[in-house]
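The values are calculated or read from the model by the stated rules, or taken from the named source; none is laboratory data. All values reported here derive from a predicted model rather than from experimental measurement. Here the Cβ is made from the backbone with ideal geometry for all residues, glycine too, and neighbour counts use every protein chain on show. In case anyone asks, the SASA skips ligands and DNA or RNA and just uses the protein heavy atoms, side chains included. Shrake-Rupley method; radii C 1.70, N 1.55, O 1.52, S 1.80 Å.
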Amino acid sequence: MDADAYAYPALAVPWDPKDAVDPALKQLRDERGYSYADIITIHPEKLPGYDEKVKSFFEEHIHDAEEIRYILSGSGFFDVRNEADQWVRIHVKKGDLMTLPEGIYHRFTVDEKDIIHAMRLFIGQPIWTPFNRPQEDHPSRKKYVTEFVEEKKE
């Protein structure tokens, strides 16, 4: 995918993946069945309630669906837990595509540039609910542990 070659809205708005003109984004959309997307810019001047939002993004949580982000500009950090329950920091920047499986503990923050512009892709209408840790009995967490943690032990 080419984040420089195509224009996307700057503010948090719904965006129809059918409007994709980037051939690689179209292919991803079709292969994975994404039917809804939105664009978000995390920056003090672009995101209402910026301080509260950034604080909530950095709270360790899971979701009951995969989390996919296509970074259009800017940069930030996704932190995920490894098998030993230690943080692994992933620096995402313009052009990166980040997919986190359903049920993985994670958190997000912008980096020192204090801005990231990203597309969030979904199958169906998004129900964007973070479930803060601990969530060991949540069905999505159990699914993650079965598929990724226990499978690695075998």
Any hit, the range 36-59, residues being more than 19 Å from T109 (Cβ to Cβ) and among the polar types (S, T, N, Q) | no
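Return yes when A3 is of a type outside the set (S, T, Y), over 30 Å from H138 (Cβ atoms) and in contact with a Lys or Arg (Cβ under 7 Å, 6 or more places away or on another chain) and no when it is not. Spell out how you get there, then give the answer.
Values: of a type outside the set (S, T, Y): yes; over 30 Å from H138 (Cβ atoms): yes; in contact with a Lys or Arg (Cβ under 7 Å, 6 or more places away or on another chain): yes.
The answer is yes for A3.
For the range 1-56, which residues satisfy the criterion of being of a type in the set (D, E) and at pLDDT 85 or above? Before the answer, list the steps.
The initial filter retains those residues of the range 1-56 that are of a type in the set (D, E), namely 2, 4, 16, 19, 22, 30-31, 38, 45, 51-52.
Answer for the range 1-56, where residues must be of a type in the set (D, E) and at pLDDT 85 or above: D22, D30, E31, D38, E45, D51, E52.
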Do you know which of the residues in the range 80-131 that are more than 26 Å from K26 (Cβ to Cβ) and aliphatic (A, V, I, L, M) is modelled with the lowest pLDDT?
-> A84
Within the range 34-46, is there a residue that is surrounded by fewer than 18 Cβ atoms within 10 Å (Cβ to Cβ), farther than 22 Å from P134 by Cα and aromatic (F, W, Y)?
-> yes
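Among F108, F131, which is over 25 Å from D2 (Cα atoms) and of a type in the set (A, V, I, L, M, F, W, C)?
Working: F108 fails: over 25 Å from D2 (Cα atoms).
Among F108, F131, only F131 is over 25 Å from D2 (Cα atoms) and of a type in the set (A, V, I, L, M, F, W, C).
Restricting attention to the range 105-118, and to residues there that are touching a Phe, Trp or Tyr at 6+ places or on another chain (Cβ under 7 Å) and of a type in the set (D, E, K, R), which single residue is surrounded by the fewest Cβ atoms within 10 Å (Cβ to Cβ)? Working first, answer last.
From the range 105-118, those touching a Phe, Trp or Tyr at 6+ places or on another chain (Cβ under 7 Å) are 106-109, 111, 118; that's our starting set.
Pick out the ones that are also of a type in the set (D, E, K, R) and you get 107, 111.
On the way: R107: 20, D111: 14.
Among them, the one singled out is D111.
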For the range 4-55, how many residues are aliphatic (A, V, I, L, M) and within 19 Å of D114 (Cβ to Cβ)?
-> 8
Restricting attention to the range 62-104, which residues are buried (at least 16 other Cβ atoms within 10 Å of the Cβ) and either free of Cβ contacts under 8 Å to residues at least 12 places away in the same chain or more than 12 Å from the chain's Cα centre (by Cα) (or both)?
-> D64, L72, S73, G74, S75, R81, G103
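Has the range 121-128 got any residue that is open to solvent by 50 Å² or more (accessible area, probe 1.4 Å), among the small types (G, A, S) and out of contact with any Cys (no Cβ under 7 Å at 6 or more places or on another chain)? Explain how you work it out, then say what you get.
Taking the range 121-128 first, the residues open to solvent by 50 Å² or more (accessible area, probe 1.4 Å) are 123, 125, 127-128.
Checking which are among the small types (G, A, S) leaves us with none.
No: zero hits.
Here are Q135, Q125: which of them is farther than 19 Å from F58 by Cα and outside any helix (DSSP H, G or I)?
Working: Q135 fails: farther than 19 Å from F58 by Cα.
One residue alone meets the criteria, Q125.
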Return yes when K142 is modelled with pLDDT of 95 or more and among the basic types (K, R) and no when it is not.
-> yes
Check every one of the strands (runs of 3 or more DSSP E) wholly within the range 5-121 and list those with 1 or more residues that are under 29 Å from E150 (Cα atoms).
-> 67-81, 87-93, 97-100, 106-110
